[in-house]
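This report concerns only the one structure given below.
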């Protein structure tokens, strides 16, 4: 049974290499059609293994899933998929134009369509003037832009981009970001992996953070940051009173800490009040109370943890969990001494 709403649906994908190395320990996720999806994780998390399984490059130990309405591994479906691998290489004796035709032929794209799309794509990535130049004379950034073009030569429905902005200057990175957004407008589904988390954050609809062969976080960035969203207010010192004392007329103490009488959780640091709420109107009483007491407000802004903050938190939490599991296994194996 196909799922028309999703380009990719995976359930417990596993891969164990020789020697017992478990690269994937049961990856489950869904990628909606027409979205830009960020697949993130530290080195060794299993991201590349997962993508190679989806492209038929690596054989999985287990893989239940659908891609573009067909079982993962269906060869005909792969002709509707584009791929930019990390550290892409082209035969250096070929020109940029010939490189696109070469990839197009491998994907069985008709010649007339290859010619039309090669012209448009070289223009799109800013390489029209270099189309007749051999790739051996291209800079690293130019080769990367050519790599993005070859991933689109077959007009794919689903595109995997591994480090698309690697080696590209700031102007080129902005150009590639614009291309990603244009792909989404065209209805394509884009799965992008990048260590430049700020780049990913600016364009993705949803992300999955993988650590140790498992998806540890999945969803929209705002959803992943739930409980950490809020308004932060910074103020000047006011006599001997702390921030908590200044705001105390509005607060009640609960087992979970301090809350406003309207229910929002409040956190205090020296000279800082942070209210967990995405509704600015809920924070106005705090501003009014501080002004009433003559407190000078330095700044007032909406704050949200960055994708990098969420990424690091997921990695650290997973490492602590893995370390605890290893310790527990060692303790279970350790022989117990009898009482003498």
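In the stretch 54-66, the residue that is surrounded by the fewest Cβ atoms within 10 Å (Cβ to Cβ) out of those that are more than 19 Å from the chain's Cα centre (by Cα) and within 22 Å of residue 194 (Cα to Cα) is 57. Of the helices (runs of 4 or more DSSP H) that lie entirely inside the stretch 156-232, those containing 3 or more residues that are touching a helix residue (DSSP H, G or I) at 6+ places or on another chain (Cβ under 7 Å) and either crowded, with 17+ Cβ neighbours inside 10 Å or at pLDDT below 90 (or both) span 170-185, 197-203. Annotation note: Cβ proximity below 6 Å between a residue of the stretch 1-19 that is at pLDDT below 95 and a residue that is surrounded by 13 or more Cβ atoms within 10 Å (Cβ to Cβ) and not in a strand (DSSP E or B) (sequence gap 6+ or interchain) occurs for 2/69. Checked against the criterion of being within 21 Å of residue 37 (Cβ to Cβ), surrounded by fewer than 16 Cβ atoms within 10 Å (Cβ to Cβ) and without any contact (Cβ under 8 Å) to a residue 24 or more places away in the chain, the stretch 97-106 has no qualifying residue.
Summed over the stretch 233-244, residues that are in a loop (DSSP other than H, G, I, E, B) and closer than 12 Å to residue 298 by Cα total 2.
Restrict the check to the stretch 136-146 and report whether at least one residue is without any contact (Cβ under 8 Å) to a residue 60 or more places away in the chain, farther than 21 Å from residue 95 by Cα and within 22 Å of the chain's Cα centre (by Cα). Within the stretch 136-146, none of the residues are without any contact (Cβ under 8 Å) to a residue 60 or more places away in the chain, farther than 21 Å from residue 95 by Cα and within 22 Å of the chain's Cα centre (by Cα). For the stretch 113-122, the criterion of a residue being outside any loop (DSSP other than H, G, I, E, B), crowded, with 20+ Cβ neighbours inside 10 Å and in contact with a strand residue (DSSP E or B) (Cβ under 6 Å, 6 or more places away or on another chain) is satisfied by no position.
Every residue, every condition in (1) closer than 30 Å to residue 128 by Cβ; (2) more than 24 Å from the chain's Cα centre (by Cα), yes or no:
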{"position": "20", "(1), (2)": "no, yes"}
{"position": "25", "(1), (2)": "no, no"}
{"position": "43", "(1), (2)": "no, no"}
{"position": "72", "(1), (2)": "no, no"}
{"position": "93", "(1), (2)": "yes, yes"}
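Taking (1) in contact with a strand residue (DSSP E or B) (Cβ under 8 Å, 6 or more places away or on another chain); (2) touching a residue at least 12 places away in the same chain (Cβ under 8 Å) in turn, residue 88 satisfies each apart from (1). Quick one: which residue in 294, 271 is surrounded by 12 or more Cβ atoms within 10 Å (Cβ to Cβ) and at positive phi? Going through 294, 271 in turn, the sole match is 271.
The values are calculated or read from the model by the stated rules, or taken from the named source; none is laboratory data. Note that the structure is predicted; figures quoted are calculated from it, not measured. Positions of Cβ are generated from backbone atoms using ideal geometry, with glycine treated the same way; all protein chains shown enter the neighbour counts.
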